[in-house]
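Report on the structure given below.
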Amino acid sequence: MKNKRNLFFIAIIIPMLLLLSMLWKPLWTLNVGTPILLETIPVDPRDLLYGDYVSLRFAVEEVKEQNIDPDLLHELSDDTYGELAVYAVLQQEDGGKYGLKTVTANKPEDEVFLTGQMNRYAETLPGQETIYYADFLPDRFYVPENTGKRLEELSREGQLVAKLMIHDGYAILQDIMPK
């Protein structure tokens, strides 16, 4: 009888521990993370089935060749396909916003950074710099009913900034607001 009761408690405790472990990283980031503001760039939403939301693209996710660590740039120029795990080191700029300092394959020690994936392909237009694309942050922000249209227009005009909490490369998008 005692064994059955112990098994019952174990069967309840293990799923609860798994669920709590999934909440740990976001809650820890919200409590001890560094608050930052990032500039967004215009993008049109593609899916209207999820309710009111704003599609976001961040300026730090479009990386110029000059902002990439030379070792990582050599690895990106390899002919293989796929994504690489990278770190975007951020620096505070005027107006309290953060911008991209560099993208590297090595985890930074004492700086504010984002963890993400970078594609091996780049876009080069005649007479322009090569742009690499990375994925560091969520691309959708859900908003209260009937408020998405105004924010969507501001997003298309490039007039939104996002408020995030960052801890150890992990980011949580808290809010978006006009510049």
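We did not get these values from a lab; they are worked out from the coordinates using the rules stated. Every value quoted in this text rests on a predicted model; they were computed, and no experiment measured them. When we count neighbours, we look across all protein chains shown, and the Cβ atoms used for this are built from the backbone with ideal geometry, even at glycine.
With the simple spin-label model, which puts each label point 7 Å out from Cα in the Cβ direction, the Arg57 to Ala85 separation comes to 2.7 nm. The gain in end-to-end length when the Ile13 to Lys107 segment is fully stretched comes to 30.3 nm, 0.36 nm per residue minus the alpha carbon separation. Put simply, when 127-139, 21-33 are sorted by average Cβ atoms within 10 angstrom per residue, most first, you get 127-139, 21-33.
When the helices of the chain are scored as -39500 (n - 2.57) per DSSP H run of n ≥ 4 and the total is divided over every residue, the value at 222 nm lands at -8500 deg cm²/dmol.
Given contacts defined as C-alpha pairs under 8 Å and at least six residues apart, what's the relative contact order of the chain, whole-number percent? In percent, rounded to a whole number, it is 29. Amide H contacts for Tyr53 (H built 1.01 Å from N in the peptide plane; partners 5 or more residues away or on another chain; cut-off under 5 Å): Val143. Once the Cα-Cα distance is subtracted from the 0.36 nm per residue extended length, the Tyr170 to Leu20 segment shows a gain of 52.2 nm. Each residue, Lys163 and Asn6, gets one label point 7 Å from its Cα in the Cβ direction; the gap between the two is 5.1 nm.
Which of the lysines could be linked to Lys163 by a straight reach, that is with a Cα gap under 17 Å, when you skip same-chain ones fewer than 8 residues away? The qualifying lysines are Lys97, Lys179. Along its principal axes, the chain has C-alpha extents of 79, 45, 32 angstrom, given from the largest down. A cut-off of 5 Å between modelled amide H atoms, ignoring neighbours fewer than 5 places along the same chain, links Leu90 with Lys101, Val112, Phe113, Leu114.
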